[in-house]
Amino acid sequence: HRLDLFPTGEPRQPDLARAHKDGGGKPIPLQQRPRDLMRFLIPVVKRDDHTATRHGASAIQQAHDGIEAQRVLLDRISRNLNLPALRKDIEVREAEAGQASFWADSSAAKKKSKELNERKKTLAEWEKAAQILEDLKIHLELAHEAQDAGELKEVGKGLTENSRLLTAMDLRLK
């Protein structure tokens, strides 16, 4: 959104933004304080599928780029989760829950069981996202080889679904 480029609480003049025929923008004055005048160059670019195709980016390349972007996000989430430690923690907690003495204190046992289930859920979400990405790679290869628009459409739907899952995981981890 073009207003996001301006600091909050400052005068905004978004109506001054105009697109040049070449896709560039005009400088927009922004007065921060009475004595300061700053100028920002804001390109106003309208893109659609036809524009993207004209600029040499095919739908297959865009899907590939989307998969790679999600792979980067999944890798970052993996580092934040510390997957080896998470798997080990789940293993230890499951072994602890299997002991008879675990249930001696029911309130502590319930709390620990809840924590174990939350960790298992997080790991399952990560594994689901990783599997979806692997499946999308295969579907994209099939779409590319067969030049199948229907398969490519399914890749797009999968990317959207996986994006929601990864974004939700990333937000919870922050």
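Values as computed for the structure displayed
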quantity	calculated
Of Lys137/Lys157; Lys88/Lys137; Lys88/Lys121; Lys110/Lys174; Lys121/Lys174; Lys88/Lys114, those spanning more than 23 Å from alpha-carbon to alpha-carbon	Lys88/Lys137; Lys110/Lys174
Solvent-accessible area of His144 with every protein chain in place, 1.4 Å probe, in Å² to the nearest 10	100
The stretch 67-174 - percent of accessible surface contributed by carbon and sulfur, probe 1.4 Å	54
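The values are calculated or read from the model by the stated rules, or taken from the named source; none is laboratory data. On a predicted model such as this, the values are computed, not experimentally measured, just so you know. Note: areas computed on protein heavy atoms with side chains; ligands, DNA, RNA excluded. Shrake-Rupley method; radii C 1.70, N 1.55, O 1.52, S 1.80 Å.
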